[in-house]
Amino acid sequence: MLKLLVGDPASRVEINSTKLIVAALIIHTIGPQTVLLLPGFVQGLVEYVGFTEADAGFIASAEMIGMTCATIAMMFLVGRVNWRHVFAISLLLLIFGNIASIFITDMYLFCAVRFITGIGGGFIVSLSYTVFGLTAKADRNFGLGIFFVLVYSAIVYPFLPWIFGSFGMPGLLLFFAAFALVGLPFVHMMPVSGEEHREIDKIARHIDWNRKVMALAAMFVYFVAAFAVWTYLFRMGINAGISEQEVANSLSVSQFLGMAGAFTAALLGARYGRGLMLTLGITGTALPLAFLFGATDALAYLVIVGAFQYAWNLSHPYLLAAMASFDPTGKMVVYATAMQFLGVSAGPAAAAMLVGENSYRGVLILGITLFFLSLALILPPVIARARLEN
């Protein structure tokens, strides 16, 4: 079966062909499905499977840990394996992992299966980024990759209440499996191997390792904060008395504002300095969350999650650009990506330990505090890097 999926191992593809880029975009969108729909996924685990709030957080964290392990492993495997084999096996893990999840009600077994499913998603995300990096228009293709995952989220979120209402949690899991199945015919269009090429900041400068460590810590802390909040954002809306459909619609609209945030970063670049843009972006990610402490209606919730998504997707590109500027060899980007995934995996678990009975106050305090801590950690390296130009 694997041979049928990957095609002739001796065949070569044109890395800049439209066919390959479309295939890479489709497969890349499949990889992080659970991450993209994490608030809805957690809602399904609690409302339709019967897991507790804390159990759902640990299940989500297990999948993120699986993705993290795969991403780190891919750093060492990228030059040693057949990429088509990795894509095919990863898609099969997603298909069978999601189908198996339908029949599991034990929390620990559910965590184990989602961990394995996460490994498949992590390999897909990591290797898709490698393929995008090989193309002649890597910046454009990275942007298209981000754009399409946000489009995917925006389309699917409004249908979640219907999926849950009609089919329960099995409906969402079968949807995940079906979308992974769609990716299999595109595997043979992907490259078999290739050298990893990264766009390195042409005026990158070495800064001392103390500040590099601060920058890496900032990346980790930022994504712990982001995914601690993101995991329970759907539940926060439900807890505020907003209908499931209104929450889903708000999260769908927020995806478009996320696109706008990423586009703003692409449009402005480093024109106004990374320090200023990171300050605005990270502050803008943290402050809207403070309004969730009080009474929140549907309109207020829409504004809050929209501002959160806009600022998040504005901050992320500047964080990556800053990392690239700290090291002309590009190694900081690799390390920062690992820190990002570690934060993604730790965030849901950290939040799960702070969830109270119908209360997300602890999660919000954690998120806001860590966002500002990440800003305090990233600014000294950014300022030190700027001084090297003078």
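Counting only Cβ charges, +1 for Lys and Arg and -1 for Asp and Glu, the dipole size of the chain around its Cα centre is about 1080 debye. Surface analysis of the chain yields an accessible area of 41 Å² per residue, using protein heavy atoms and a 1.4 Å probe.
When you filter the trypsin sites (Lys or Arg not before Pro) in the stretch 70-156 for DSSP loop state and at most 11 other Cβ atoms inside 10 Å of their Cβ, you are left with R80. Could you tell me which of V86, M64, F96 has its Cα farthest along the dipole of the chain towards the positive end, charges placed at Cβ (Lys, Arg +1; Asp, Glu -1), taken about the Cα centre? Selected residue: V86.
Out of M332, M219, M67, any idea which swings most in a Gaussian network model of the chain, alpha carbons joined below 10 Å? Evaluated over the chain, the most mobile residue of the options is M332. Here each label is just a point 7 Å from Cα along the line to Cβ, and for R12 and F147 those points are 3.0 nm apart. Split the accessible area of the chain by element, probe 1.4 Å, and carbon with sulfur accounts for 69%. Counted by Cβ distance under 12 Å from I59, the other residues give a net charge of -3, where Lys and Arg count +1 and Asp and Glu count -1. For the chain, the relative contact order is 25 percent, taking Cα pairs closer than 8 Å that sit 6 or more residues apart in sequence and dividing their mean separation by the residue count. Exposed loop GluC sites (Glu not before Pro) only (DSSP loop, at most 16 other Cβ atoms within 10 Å): please give the longest stretch of the chain free of them, not including the sites. The segment 15-194 is the longest one with no such site. With 0.36 nm allotted per residue and the present C-alpha distance subtracted, the T105-L268 stretch has 53.9 nm of extension available. Count Lys and Arg as plus one, Asp and Glu as minus one, and take only other residues whose Cβ is under 9 Å from that of F164; the net charge is then -2.
Exposed loop sites are taken as chymotrypsin sites (Phe, Trp or Tyr not before Pro) in a DSSP loop (any state but H, G, I, E or B) with at most 11 other beta carbon atoms within 10 Å; the longest stretch of the chain without one runs 104-271.
Only helices enter the 222 nm calculation for the chain: every DSSP H run of n ≥ 4 contributes -39,500 (n - 2.57), and dividing by all residues gives -25000 deg cm²/dmol, rounded to 500.
Tally Lys and Arg at +1 and Asp and Glu at -1 over the other residues with C-beta under 12 Å from the C-beta of M214: what net charge comes out? Cβ neighbours under 12 Å give a net charge of +2.
According to the square roots a ≥ b ≥ c of the eigenvalues of the Cα gyration tensor, what is the shape class of the chain, taking rounded for a/c under 1.5, prolate for a/b larger than b/c otherwise, and oblate for the remainder? Verdict is oblate for the chain.
The values are calculated or read from the model by the stated rules, or taken from the named source; none is laboratory data. If you're wondering where the values come from, they're calculated on a predicted model, not measured in any experiment. Every residue, glycine among them, receives a Cβ derived from its backbone with ideal geometry; neighbour counts consider all protein chains shown. Note: accessible area is taken over every heavy atom of the protein model, side chains too, but ligands, DNA and RNA are not part of it. Shrake-Rupley method; radii C 1.70, N 1.55, O 1.52, S 1.80 Å.
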